[in-house]
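Inspection log for the structure reproduced underneath, given as structure tokens.
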Amino acid sequence: MEKRAAPQGIDVSSYQPGINWKTVKSNGVSFAYIKATEGTGYTNPEFSSQYTGATNNGIIRGGYHFARPDVSSGATQANYFIAHGGGWSSDGITLPGALDIEYNPYGATCYGLSAASMVSWIRDFSNTYHSKTGQYPVIYTTTDWWTTCTGNNNSFGSTNPLWLARYASSAGTLPAGWSYHTFWQYADSGANPGDQDTFNGDAAGLGRLAKGS
């Protein structure tokens, strides 16, 4: 799908303070993912202002959690995420929370976990989030990391929407289990703050995702 024709989005964190959301909206951005938490000891100090700014300008938004499988259980981190901005409601403007599970910036690529242990951790997070919100979290990852650290596990595609990161002209090969991506992060910079994303569908489809249908 040609990127311009699909709903455009961004994802941001504390590295993007002072966003002018009115400008972002006028630039054609219709959705945003905002970092809420990491592990069980970090909350984004910009989260509230970013979330409110997106909301006030009619941008469909959701929170994301940067996974730290090396510090605590998936359930613990899902509950921490929900308690600090990662919740969901069927108001039509809230995207399901996203689990950012990717290369460890602090050490071993797979956080010291075996593929089986990593799959169990992700399932623990996903099931806990689902039990508390009624929605399965979106999974943000790369095909390379997923293959390396989960053994290319194929058991999440039927429940969890995929948010694929690949800085290229196409989304490319998907991780096992997914027949399509829901979101695609295609660049780490662009006309708007943060990373640049697109939704694989139309505005009505994005609205249905936000309504949980």
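Odds and ends about this structure:
- When only alpha carbons are used to place a centre, segment 141-213 and segment 26-100 end up 16 Å from one another.
- Relative contact order (percent, whole number), the chain, Cα cutoff 8 Å, 6+ residue spacing: 22
- Rounded, prolate or oblate (a/c below 1.5 giving rounded, otherwise prolate when a/b exceeds b/c) for segment 165-213 by Cα gyration tensor: oblate
- Relative to the longest principal axis of the Cα atoms of the chain, the long axis of helix 115-133 lies at roughly 50 degrees.
- Neighbour-count ranking [beta-carbon atoms within 10 angstrom, fewest first] of T141, T173: T173, T141
- Neighbour counts of C-beta atoms inside 10 Å place W184, W145 in the sequence W145, W184, starting with the fewest.
- Normalised contact order of segment 20-79, rounded percent, pairs of Cα under 8 Å and 6 or more residues apart: 42
- Evaluating 6.51 cos²θ - 1.76 cosθ + 1.60 at θ = phi - 60° for every residue in segment 51-60, the Karplus couplings come out as 5, 5, x, 5, 4, 5, 10, x, 9, 5 Hz, glycine and proline recorded as x.
- Largest GNM mean-square fluctuation among D91, D100, D124, using the chain with Cα springs under 10 Å: D91.
- Working note: Cα atoms of the chain, range along each principal axis, descending, whole Å: 45, 34, 33.
- Counting other Cβ atoms within 10 Å as a rough exposure proxy, the listed residues F125, F47, F156 run F47, F156, F125 from fewest neighbours to most.
- Using 0.36 nm per residue and subtracting the Cα-Cα separation, the extra length available between S114 and A176 on full extension is 20.6 nm.
- Residue (of P45, S30, W178) at the positive-pole extreme of the chain, dipole from beta-carbon charges: S30
- Gain on full extension, evaluated as 0.36 nm per residue between D202 and T159 minus their Cα-Cα distance, stands at 13.4 nm.
Every read-out reported here was derived from the displayed coordinates using simple, explicitly stated rules and does not represent laboratory data. The model shown is predicted, which means the values in this text are computed figures rather than measured ones. A quick note on method: Cβ atoms are made from the backbone with ideal geometry, for glycine too, and the neighbour counts reach across all protein chains shown.
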